[in-house]
Amino acid sequence: MLLLISVWWAAMLLARALDLALPWVISATSAHVLLMSLGFMPFFFIGFLFTAGPKWLALPEVPARKLLPSVLMMLSGWVIALIGFHTGVIASTIGLILVALGWSLVCLKFVVMVKQSRASDRVHATLIALACCMGVIAMWVAAFALWIEHEPLLRSAAHAALWCFVATVFTVVSHRMLPFFSAASIPLLDAWRPMWLLGLMVSVLWLQAPFAVAELWYWPLPSAVRWMQVAIELPFAALLLWLALRWGLLQSLKIRLLAMLHGGFVWLGIAFMLAATSHALMAFTAGDISLGLAPLHALTMGYLGSTLLAMVTRVSSGHGGRPLTADNFIWTLYGVLQTAIFLRVIAALWPSAATPFTLLSVLAWTAVAGSWALRYGGWFGRPRPDGRAG
């Protein structure tokens with residue numbers, strides 16, 4: 001799905017650059033926001049949560065066959081929706097209904113697991129279950145918005161899903177796993193992850209959702225609101241960047257796979273720093289000057305994209321019976337991904353050169369997705385080379 005959506009979006013941008021008219025049922029921006037936030041991330045969550053989740057919750061392993069119907073429902077739904085974005089409202093709505101139904105079933109399974117667990121620590125799993133429920137709501141609202149052809153509502157659902165669902169799940173997992181991975185790999189580094197920090201991180205992420213939705217309905221927002229955003233985002237950005245150092249950013253540079261995870265987390269701090277700067281500029285200029293989409297792409301491509309690449313590589317290697325290391329191939333892909341992120345941020349900061357930088361960015365992003373899929377995707381469905389089950 002990641003590769004399919006990346007190729008599709010690259011084709012759409014190339015068509016736009018060449019002035020080729022394409023049929024659209026909704027705006028290209030709305031389709032892009034919806035697919036990039038919900039089109040492939042939930043599939044990653046399914047694999048991760050039903051592999052790591054039972055271990056966190058001290059429950060038996062979950063057979064993959066029990067998840068297959070929901071996965072196929074979501075996959076077929078997105079393919080239908082993607083076609084429907086160019087052909088008709090009915091197809092796109094039916095497709096998104098299938099996605100919402102499939103994810104609802106997945107979410108129900110995970111919520112039941114959390115309730116059944118008697119593990120002493122269920123905080124992370126509970127927060128993830130709550131975020132997944134927000135994803136269910138967002139998907140059904142998006143399907144309804146498609147049906148009534150209401151784009152502000154559609155984009156509101158996508159933005160709410162990004163902050164309250166996708167970014168929240170990533171941040172909760174970062175809080176649990178990043179200190180653990182660091183402490184396990186780096187001598188003398190402790191797995192410091194107090195629960196107050198987790199609560200603060202999730203609270204700030206959820207606060208971003210109403211601000212993002214308000215921007216879609218009321219523009220420009222009052223200067224007082226912008227300064228409120230700055231007052232939240234600036235200290236939070238400083239906390240995140242300090243936290244990256246506290247969790248062993250500098251020490252991780254000697255271990256490539258760990259450095260990839262830490263590099264992704266640094267982008268979260270950069271995203272909030274850019275957001276605070278942008279909102280301060282808006283407050284000074286009544287919304288006339290900002291950093292555009294730079295903060296958003298630092299969050300999505302930078303934090304979510306970099307962390308995704310590191311995590312799927314680690315999980316695929318571990319469960320595929322390969323060494324838990326980042327060889328030159330994946331390290332190069334990670335470098336290309338960072339280039340794609342920088343190009344997209346530059347495109348947002350330099351509007352007059354936005355088209356070439358955006359095209360270069362999406363082509364680099366697609367190259368990473370394709371290269372990863374060719375190598376690591378080829379491992380799936382095959383026996384492990386070490387002979388163990390998996």
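Counted as qualifying within segment 269-366 are the helices (runs of 4 or more DSSP H) with 2 or more residues that are on the phi < 0 side of the Ramachandran plot, at pLDDT 95 or above and of a type in the set (S, T, Y), namely 306-319, 328-349. Put simply, of A21, A52 the only residue that is surrounded by fewer than 19 Cβ atoms within 10 Å (Cβ to Cβ), part of a loop (DSSP other than H, G, I, E, B) and modelled with pLDDT under 95 is A21. With respect to (1) more than 25 Å from V312 (Cα to Cα); (2) surrounded by 16 or more Cβ atoms within 10 Å (Cβ to Cβ), the lone exception for T87 is condition (2).
Kindly indicate whether any position in segment 364-375 is of a type in the set (S, T, N, Q) and more than 25 Å from the chain's Cα centre (by Cα).
The answer is no, given that none of the residues of segment 364-375 is of a type in the set (S, T, N, Q) and more than 25 Å from the chain's Cα centre (by Cα).
Residue check, A119 against (1) closer than 20 Å to V89 by Cα; (2) in contact (Cβ under 8 Å) with a residue 12 or more places away in the chain; (3) surrounded by fewer than 20 Cβ atoms within 10 Å (Cβ to Cβ), all met but one. Which one? Exception for A119: condition (1). Among residues of segment 53-71 that are more than 25 Å from F180 (Cβ to Cβ), those with a beta-carbon under 6 Å from a residue that is small (G, A, S) and buried (at least 18 other Cβ atoms within 10 Å of the Cβ) at least six positions away or on a different chain give the pairs S70/G102.
In segment 314-330, is there at least one residue being farther than 24 Å from R382 by Cβ and not aliphatic (A, V, I, L, M)? For segment 314-330, residues farther than 24 Å from R382 by Cβ and not aliphatic (A, V, I, L, M): absent.
Within segment 305-330, residues that are more than 13 Å from L261 (Cβ to Cβ) sit with their Cβ atoms under 7 Å from residues that are small (G, A, S) and buried (at least 17 other Cβ atoms within 10 Å of the Cβ), at 6+ positions apart or across chains, in these pairs: P323/S317. The criterion of at least 3 residues that are farther than 28 Å from E61 by Cα and modelled with pLDDT of 95 or more is met, among helices (runs of 4 or more DSSP H) falling completely within segment 87-206, by 89-116, 123-148, 151-161.
Could you tell me whether A58 is within 23 Å of R314 (Cβ to Cβ), aliphatic (A, V, I, L, M) and not in a helix (DSSP H, G or I)?
Working: within 23 Å of R314 (Cβ to Cβ): yes; aliphatic (A, V, I, L, M): yes; not in a helix (DSSP H, G or I): yes.
When the stated conditions are applied, A58 passes them.
Close Cβ contacts (under 9 Å, 6 or more residues apart or on different chains) running from residues in segment 339-355 that are closer than 17 Å to L13 by Cβ to residues that are of a type in the set (S, T, N, Q) and surrounded by fewer than 21 Cβ atoms within 10 Å (Cβ to Cβ) comprise A340/T366; L343/T358; R344/T358; A347/T355; A347/T358; A348/T358.
How about segment 341-382: which of its residues are within 26 Å of F44 (Cα to Cα), in contact with a helix residue (DSSP H, G or I) (Cβ under 7 Å, 6 or more places away or on another chain) and small (G, A, S)? The answer is S361, A364, A367, A369, G370, S371, A373.
The values are calculated or read from the model by the stated rules, or taken from the named source; none is laboratory data. Just so it is clear, the structure is predicted and the values come from calculations on it, not from any experiment. Here Cβ is always computed from backbone atoms with ideal geometry, including for glycine, and neighbour counts include all displayed protein chains.
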